[in-house]
Amino acid sequence: MIDLHAHTTASDGSLPLEELVIMAARGGLRALAVTDHDNVQSARRINGREPLEVIPGIELSVFDHALGYEDVHVIGLFIDPKHETLNSKLDSLGREEQKKATVAKLNELGYEITYDEVKAKSQGVVGRPHIAMVLMEKYPSEFPKMADVFNKLLGRGQPACIGRESGFGLGEAIALIHAAGGLAILCHPFIYPYDADALASKFKGLGGDGIEVYYDYAANRPSVPTTPEENARLMGRAKELAGRFGLLESGGSDFHGQGKRGYQELGIFGAPDEVLAALKAARGKPL
Ligand SMILES: [Zn+2]
Ligand SMILES: [Zn+2]
């Protein structure tokens, strides 16, 4: 088994790279991709001496106002994490500004939290879950669960949902991943409020390489109850989209660590080994 989607403390995971790698080896994985949100801090520390194949990756958040896609995720696999353009683009993303604006909006709505409190919750890049953690701590009766914060305040269409000013366009994300030597993979195609067929078609049209077929919606999206049968059907649909649009298959656990949503261990859910072989074969061809 391989796992091509996992997070470390550099974004919203709870394990640093070293511990993630140890857990992956212990879980019997043949390969692991490190795909933190909008940063390559952990990917840059992969040294090739790990006890299993560790692939440098990234999960970019796309905010494409022209196409109407908000917060669509695109993974870059096999990127060069030291690539200069990639790093300078990431530095200028404005993620921090967006989180500060969200905190300001929450203050306006009467919630007394500060950006420093939010930052203290994160060991790397500040994300919306860190804002939610502070709200859960300060207003436990109003927000017993993280999902409550998202449903009431931070989720799409809610009063404290602030769009990112300077997100990547879909085509821009794909081009940036290609420039850094990677393959662009459309992540978890069925979690968005968009038609997955149209999204996959657009993604392919803009040069995208693959799509996540192996993904556990039930584990990663507890706010939407998903039966094992429904999950199997969604994976089947993704496989069908891959075939129809000539996209490579990818997938993984979207592991965030212990105490986080989804899997608590690596090596329980992943993609078959053939998936990696096919991705590598495609990588050898000119893009
Ligand atoms: Zn994602
Ligand atoms: Zn992820």
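The values are calculated or read from the model by the stated rules, or taken from the named source; none is laboratory data. Here the structure is a predicted model, which means the values were calculated and not measured. Using ideal geometry, Cβ is built from the backbone for each residue, glycine included, and neighbour counts are taken over all protein chains shown.
Structure notes:
- Residue-level analysis places residue 70 among those that are touching a residue at least 12 places away in the same chain (Cβ under 8 Å), in contact with a Phe, Trp or Tyr (Cβ under 6 Å, 6 or more places away or on another chain) and either more than 22 Å from residue 34 (Cα to Cα) or of a type in the set (Ser, Thr, Tyr) (or both).
- Some residue of the stretch 156-172 being within 18 Å of the chain's Cα centre (by Cα) and among the acidic types (Asp, Glu): yes
- Qualifying positions in the stretch 126-146 - touching a helix residue (DSSP H, G or I) at 6+ places or on another chain (Cβ under 6 Å) and either within 13 Å of residue 95 (Cβ to Cβ) or exposed (fewer than 15 other Cβ atoms within 10 Å of the Cβ) (or both): 126, 128, 130, 131
- For the stretch 33-54, the candidate set comprises residues that are aliphatic (A, V, I, L, M) and within 13 Å of ligand 2 (Cβ to nearest atom); within that set, the residue that is farthest from residue 85 (Cα to Cα) is 33.
- Per-region count, the stretch 2-12, residues within 16 Å of ligand 1 (Cβ to nearest atom) and closer than 17 Å to residue 119 by Cβ: 3
- Under the condition of being surrounded by 14 or more Cβ atoms within 10 Å (Cβ to Cβ), in contact with a Ser or Thr (Cβ under 9 Å, 6 or more places away or on another chain) and farther than 24 Å from residue 11 by Cα, the residues counted in the stretch 243-270 number 1.
- Residues that are over 18 Å from the mean Cα position of the chain (by Cα) and modelled with pLDDT of 95 or more number at least 2 in the following helices (runs of 4 or more DSSP H) confined to the stretch 208-287: 228-245, 273-283.
- For the stretch 35-52, the set of residues classified as away from ligand 1 (no atom under 14 Å from the Cβ) and surrounded by 24 or more Cβ atoms within 10 Å (Cβ to Cβ) consists of 40, 42, 43, listed by residue number.
- Test: residue in the stretch 189-206 that is in a loop (DSSP other than H, G, I, E, B), under 15 Å from residue 33 (Cβ atoms) and within 17 Å of the chain's Cα centre (by Cα): no
- Conditions (1) more than 16 Å from ligand 2 (Cβ to nearest atom); (2) among the aliphatic types (A, V, I, L, M); (3) at pLDDT below 95; number of the one not met by residue 134: (3)
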